[in-house]
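Undergrad: Please read through the structure below; I'll follow up with questions.
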Amino acid sequence: MFAESAVVERVAATARNAAPWAGVGPAPEVAGMRRLPGGVSSLTYAAEIRAGGADGYPVVIKIAPPGLDPVRNRDVLRQSRLMAAIGATGALPVPRILMDDDGDPPLFVMDLAPGQSYEPLLDVAENPPPASVVRERALVAAASLAGLQGLDPVLAGAGEPVLGLRTELDRWERLLQTVPDEIVPGHAELYRRLAAAVPTDAAPVLVHGDYRQANMLFEGPVLNAVIDWEIWSVGDPRLDLAWLLMHTAPAHRYARTRPAADQEAGAGMPSRKELVSAYLESGGPARPDDLPWFLAYSYYKVASTLGVIVKRSRKDAEMPEHLLAAADSLPDVVTHGLEALSGR
């Protein structure tokens, strides 16, 4: 059984030899540990580390799921290694890695970066940003993607495989095969058309896998950190670019209606053309060729991931309201994918 107290003890013990606490007064203490929402491949907590009478230092602790092999998206140390390597280049802001521990289960500790995580056309927030700030954030996100993709993918480690487009597509198809057809009607046709027209792979880059504003922390228009690296890989640069572009017109939803303030914020989203221009002007390596296919692939990926979540939630006594809304939107997701393939 997972014991949070054991994590507190492990983090405190490791902090004794980690900056900024090494050699500082009494042994560090971990306080205020609380679970953060989101994520299915690891457990995420916020806490403070206190040492030497100083104010608490805010951190995030990521822990591999107990009882499961820490592989693929559950390999939290693989995530921390990449984030540390990216952070050292200065090419993209990421939380600073403070320490890691390869015990059972593995974990790492990073800075709690300040800022707002907000997806302008999907989220509901108490204080959504103004439309003008949403616009600036989206353009910064596109330009920053160029910085990530300009890094040598060997940075991630020589043993990382390069995932081809057909491998990526079939990954989500296998997941959808576990979902009853009535949850995601029409997905087989979308897969058939995608599989029949897979583009030639581009030169590989580091791929975040879920690159969008919801996985970024902004203060105003300033990007403080790109977070949530669970499904990073080495692959085609158009995957992250298209995923970002797809969120200018997402077909899925988590709320049947959104407050006026959130709708006003979403109205600030730039066009896809503007985002592509910001990306290319910043040196992004992906040519906008075959973008219809990549946009359709992005909708297919949404259908796969959301379809599985809805299927699992059906086992609960009562499905949460946000997943009921998501389930109702899944046919639209497939329709958007088919339309994207047709250039619409």
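The values are calculated or read from the model by the stated rules, or taken from the named source; none is laboratory data. All values reported here derive from a predicted model rather than from experimental measurement. Neighbour counts run over all protein chains shown; Cβ positions are idealised from the backbone, glycine included.
Undergrad: Within the range 130-185, can you find the residues that are among the small types (Gly, Ala, Ser) and over 22 Å from Ala202 (Cβ atoms)?
TA: Ala131, Ser132, Ala138
Undergrad: Count, please, the residues in the range 58-111 that happen to be closer than 12 Å to Ala225 by Cβ and surrounded by fewer than 18 Cβ atoms within 10 Å (Cβ to Cβ).
TA: Residues that pass the stated criteria total 2.
Undergrad: Condition first: of a type in the set (Asp, Glu) and buried (at least 18 other Cβ atoms within 10 Å of the Cβ). Can you find one or more residues in the range 264-280 that meet it?
TA: no
Undergrad: For Ser5, work out the one condition from (1) hydroxyl-bearing (Ser, Thr, Tyr); (2) modelled with pLDDT under 85; (3) within 27 Å of Gly115 (Cβ to Cβ) it doesn't fulfil.
TA: (3)
Undergrad: Yes or no: Asp316 closer than 28 Å to Leu194 by Cα, assigned by TED's automatic domain parsing to the domain that holds Ala142 and acidic (Asp, Glu)?
TA: No.
Undergrad: Another one. Tell me which of these Val60 doesn't satisfy, since it passes every other one: (1) assigned to a loop (DSSP other than H, G, I, E, B); (2) closer than 29 Å to Thr305 by Cβ; (3) in contact (Cβ under 8 Å) with a residue 12 or more places away in the chain.
TA: Val60 satisfies every listed condition except (1).
Undergrad: Related question: Would you pick out the residues in the range 40-56 that are of a type outside the set (S, T, N, Q) and modelled with pLDDT of 90 or more?
TA: The answer is Leu43, Tyr45, Ala46, Ala47, Glu48, Ile49.
Undergrad: Just give me the residues in the range 24-39 being over 18 Å from Asp228 (Cα atoms), at pLDDT below 80 and not aliphatic (A, V, I, L, M), in sequence order.
TA: Answer for the range 24-39, where residues must be over 18 Å from Asp228 (Cα atoms), at pLDDT below 80 and not aliphatic (A, V, I, L, M): Gly25, Pro26.
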